[in-house]
Structures are given as C-alpha cells and as structure tokens.
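One structure below.
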Amino acid sequence: MKPSHPLPLQPRRAVLQGLLLGACALGLGLPPAVARAQKERPQALPRPITPRGPLDADERNHIDVFKRVSPSVVNITSLALQRDMFSLNVSQVPTGTGTGFIWDDAGHVVTNFHVIQEASGARVTLSDQSTYRAELVGAFPDRDLAVLRIEAPKGKLPAIPVGSSRDLLVGQKVYAIGNPFGLDQTMTTGIVSALNREIESVTRRTIRGVIQTDAAINPGNSGGPLLDSAGRLIGVNTAIYSPSGGSSGIGFAIPVDEVNRIVPRLIRDGRIERPSLGIAAGTRQLQEALKLPKGVALLRVTPGGPAQRAGLQPFARAAAGGITAGDVITAVNGAPVEDFDDLLNELERFQSGDTVTLSVWRSGRTRQVSVKLAAGEA
C-alpha cells in the first residue's frame, strides 16, 4: 500500500543520508556498496596555478596611466532644494552624478555644464573618498563647460596633465576615466574614431571640432577626461550617441585646446564675454532671396559701434522700394564663416580690444577691413 503523502525525491535522499550518518554514529558502519563508492571517489584538490609571465606593454601602460591620472579624477553629485511636505523644512538632496577633474591645486574642478545645470549646489568626492562642498566659479553653456571650486588641501589636488588636440590622429589610443552608473573610478579604452565632428550644446549652439571615440562613455562619465596614451588630457567627455542611453561605441569629447582656451577665462571672469562687432545679422532666407554668398549679411550696424566705425554698411530698403546693397562678412582673420553661428565661434577666440581682419563682400567684390572689437554680444 502506497503512503498517502509520499516524500519528494530530495527529502527522501536527505532522510536516507541522515539514517546512514546515524548508523555511522552508532558504530554500525556503512553498507558495503556505500563504503565502496566513497573509496572510489577521486581526490578533489585545488588546481596548480599556471605562471603567466610579465604583463605586455599595453597592459603595463593601461595600469600606469590609471595609477597616475585617477587621483585627478573626481565624482560630482549635483544637489537640488527640496521642501519636506510635513515640516516645510528645505534641504538639499542629490539629483544626479557626473565626473570632473582637478585643473589646478587652487581647487578648480572642470566638468560639463549639463552635469550641474539647474542644481542648487554640488559635492565633489576625491579619489580618497573625501568629500567637499563645491561653489560654481563660472560656466559656458555654449561649450558645455563649467568650473567648480573646492576648499581642499593642496596635497589632495593633483592637477591633471594637459595635452593638445590639434595634432590628434584617427586611430590613436585613448582612455576615458569616470564614474559610469555611479561606479567609482572606472577606466575604458578605445581609439580616436573621428575628428572635427559637430554636436549641439544645451543652448542649441553648435560645438565644432569635437573628438569622436569608441571608448565606452556611459551615463556618469560626463565631464570626465579623455586621455591619450601618455596620460594627458585631450578632451572632456560630454555626450554619447545611443537610443538606449548606454554606450554604443560612439562617444564625443570637447577638444582640450578649446577647454584650455575657455577654462582660464571662466576662472578669471566667471563667464565668457564674447566681444562685439556691433551688428545684427540677416536671415538665411534673405541671403537666398538676394543670392548672396555664404557668410553673415548685415541687417543692422550699431551707431558708433565697431562695424560702423570700420565703414561696414547693412542691407536696407531703398526709398523706391528696392534693396540697397550692404556687406556680407565671409571670414574672420582668414577663417571662413558661413553663418552667424560660425561668426560667434570665431569671435569667442578674441577679447574686447583685440583687432581682427574681416573679409567683407559687397556687390561682387571682396575687401579686407580691420575692426577693433568692443565688449558685449556680436
């Protein structure tokens, strides 16, 4: 007769093992078949370790770069104000994380503007896990760059080595160090996949000359350094191209030459004050309707401004209803400008008081005009 509640297989095995162990404890010994099976089991010993030999040159370089540069890389936590619904007390709570790097031993930290955008404050965590409250020194949203400052001992502030981006070549090896997905101090490797890419900043302005890399850049890497094989800063990781939000082999970095131009001005002035020509630009539709060359057609010049003092003239409506020919700026110091965005990019390279040479087209003829830039917008 079968039991009304048969034991499952596993419990039955456990019961059997318990009975065998109990029999051993009572000195009854194991059944011959069980004892014979145990004697026939092979010995389970740890495997011997196979010597690997020395690390290859690439591996040693990866390790060396990480050891040298990672102390200069920091984690940034952005903070926002939040009011407690019961007590109405206001406190700062974390809203996101990103990466940055130490610029100098005065405590300046460089990161992306979008990492701290709309934050009411920020905390910076150094590689030794010490944390400091940061203040915003300055930001330039058009290039997605920001500078923070922390009060920390100089011995904890190793400045990152700075390289150059103007001589980069496609195929060069690169490293990215950051804090992807909140993980601390992660390094990925890749190559320079392309140069002179264009991406859009948070202000909808075009960032030109961008480095494209296949080194994994995931959420949290933003603001971290892109390094060459010598461990020098060559770019600031700023964006990934991925529908899923994870790295898909296409990442972008702002070139270090641009960073090295902007950051000192942010530290000194707190913002980038673009010098002015004293002009207003015509629309693309106007240029197309008048069949003008690529450049910036002048729609208005500020009375007494740099452009008017240099003799530049805007397009205007004639008394008879036609259009009076005006000037089109086609280059700044020999660098072509195809639209107003190009002109702003070129003007950012100068400061008020500098003199630039404009290539100016009017009625089929091009001339060179020297203009002394003033303070203010274009």
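The values are calculated or read from the model by the stated rules, or taken from the named source; none is laboratory data. Here the structure is a predicted model, which means the values were calculated and not measured. Every residue, glycine as well, gets a Cβ built from its backbone with ideal geometry; the counts of neighbours run over all protein chains shown. Side chains included, ligands, DNA and RNA excluded: accessible areas come from the protein's heavy atoms. Shrake-Rupley method; radii C 1.70, N 1.55, O 1.52, S 1.80 Å.
Quick one: which residues, 5 or more positions from GLY190 or on another chain, have an amide H under 5 Å from its amide H? H modelled 1.01 Å from N in the peptide plane, none for Pro or chain starts.
HN-HN under 5 Å from GLY190: VAL174.
Among SER165, SER193, what's the order by accessible area (1.4 angstrom probe), most exposed first?
SER193, SER165
Within 10 Å, count the other beta carbons around each residue, average over each peptide in 224-233, 358-367, 325-334, and list them highest first.
Order by mean packing, descending: 224-233, 325-334, 358-367.
Heads up, I need the accessible area for PHE350: 1.4 angstrom probe, whole protein in place, Å², nearest 10.
40 Å²
Amide H of PHE101 versus every other amide H placed in the peptide plane: which residues, excluding those fewer than 5 positions away on the same chain, fall under 5 Å?
Amide H to amide H, under 5 Å and 5 or more residues apart or across chains, PHE101 pairs with VAL74, VAL110.
What order do THR186, THR131 take when sorted by accessible area (1.4 Å probe), most exposed first?
Most to least solvent-accessible, the answer reads THR131, THR186.
7 Å from Cα along Cα→Cβ at both LYS291 and ARG271: what's the point-to-point distance in nm?
In this crude label model, LYS291 to ARG271 measures out at 4.4 nm.
Quote to one decimal, in nm, the extra length available between ARG261 and ARG166 on full extension: 0.36 nm per residue of separation minus the C-alpha distance between them.
Taking ARG261 through ARG166 to full extension adds about 32.9 nm, to one decimal.
ARG300's amide H: which non-local residues (gap 5+, or another chain) put their own amide H closer than 5 Å, with H modeled 1.01 Å from N in plane and none for Pro or chain starts?
ALA280
List, in order, the whole-Hz ³J(HN,Hα) value for each residue of the range 342-348 obtained from phi through the Karplus relation with A = 6.51, B = -1.76, C = 1.60 and θ = phi - 60°; use x for Gly and Pro.
These are the phi-based 3J(HN,Hα) values: 4, 4, 4, 4, 5, 5, 4 Hz.
Using θ = phi - 60° and the Karplus form 6.51 cos²θ - 1.76 cosθ + 1.60, what ³J(HN,Hα) does each residue of the range 221-236 get, whole Hz, x for Gly and Pro?
Going residue by residue, I get 7, 4, x, x, x, 9, 10, 8, 5, 8, x, 9, 5, 10, x, 10 Hz, with x marking Gly and Pro.
Over the range 224-378, what is the relative contact order in percent, taking alpha-carbon pairs closer than 8 angstrom and at least six residues apart?
With pairs under 8 Å counted, the relative contact order is 21 percent.
What is the distance, in nm, between label points placed 7 Å from the Cα along the Cα-to-Cβ direction at ASP341 and at THR131?
3.9 nm
Using θ = phi - 60° and the Karplus form 6.51 cos²θ - 1.76 cosθ + 1.60, what ³J(HN,Hα) does each residue of the range 311-318 get, whole Hz, x for Gly and Pro?
Here the 3J(HN,Hα) series is x, 6, 10, x, 5, 8, 7, 6 Hz.
Accessible area per residue of the range 41-82 at 1.4 Å probe, in Å²?
It amounts to 76 Å² per residue over the range 41-82.
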